[in-house]
Ligand code: SF4
């Protein structure tokens, strides 16, 4: 895809202007009380919903409160506690492995740099960006499945590649707006521009506030056809 044009930057600016006031709460939908709990919740959220994670984490954090406890946990017991979330063996391994590294290398604290976060098992850029923005106030472009889908439909990129979309948003959106921008795109994708029934395709949802500027790329009846 060519470098972003002025019109693409203008579209991103307009998307921000419309969506940011509609979704003012630029915070994760996952429930957590500290950075460690947020890190765990994001690790658990792969391939399942935030709502499912929020049901499972209170018991998990009550049984293993903090990285020291989870680092020493019996994997089978952790697997049983998160069984409902799918991929429970992998997720348990990531929880315990990350906790051990936090204890051994970071004094039991969640680190505040991308490089250090990416050294934890199961942590990718989406997780790291969410932790950095929510816990440490750094600009974070959190490209989850909703942000990816909406970005493609809006024409911000033509590759379904989270890293490419993250880079493109970084080119289009100034740092101080990035966290709010990606949270707003997340809510928009979750509740308006859904995967199967986007509001512009005649679903029972309210009209899409981006309908006037969106090229609807990838949908059956794109604008102008
Ligand atoms: S116009 Fe359709 S494809 Fe574009 S953002 Fe709105 S719901 Fe999504």
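Readers should treat all values here as calculations from the given coordinates under stated rules, not as data from a laboratory. Note that the structure is a prediction, hence the values are computed from the model and not measured. Cβ coordinates were reconstructed from backbone atoms using ideal geometry, including for glycine residues, and neighbour counts include every protein chain displayed.
Can you name every residue in region 195-219 that is more than 8 Å from the ligand (Cβ to nearest atom) and out of contact with any helix residue (DSSP H, G or I) (no Cβ under 7 Å at 6 or more places or on another chain)? 196, 197, 202, 203, 204, 212, listed by residue number. Restricted to helices (runs of 4 or more DSSP H) entirely inside region 113-193, those with at least 2 residues that are more than 14 Å from the ligand (Cβ to nearest atom) and more than 15 Å from the chain's Cα centre (by Cα) are 114-118, 162-172, 175-191.
Could you check region 1-79 for helices (runs of 4 or more DSSP H) lying wholly inside it with 2 or more residues that are touching a residue at least 60 places away in the same chain (Cβ under 8 Å)? Break it down into steps so the answer makes sense when it comes.
Numbers: elements: 6-22, 35-44, 50-63, 67-71.
In region 1-79, 6-22, 35-44 are the helices (runs of 4 or more DSSP H) which contain 2 or more residues that are touching a residue at least 60 places away in the same chain (Cβ under 8 Å).
Residues of region 127-143 that are more than 12 Å from residue 26 (Cα to Cα) and out of contact with any helix residue (DSSP H, G or I) (no Cβ under 6 Å at 6 or more places or on another chain): 129, 132, 136. When region 97-112 is filtered for residues that are surrounded by 20 or more Cβ atoms within 10 Å (Cβ to Cβ) and part of a helix (DSSP H, G or I), the ones remaining, listed by number, are 98, 99, 102.
Within region 204-216, residues that are farther than 17 Å from residue 10 by Cβ sit with their Cβ atoms under 6 Å from residues that are more than 6 Å from the ligand (Cβ to nearest atom), at 6+ positions apart or across chains, in these pairs: 216/222; 216/223. Of everything in region 53-74 that is over 26 Å from residue 138 (Cα atoms) and buried (at least 16 other Cβ atoms within 10 Å of the Cβ), the residue that is nearest to the chain's Cα centre (by Cα) is 56.
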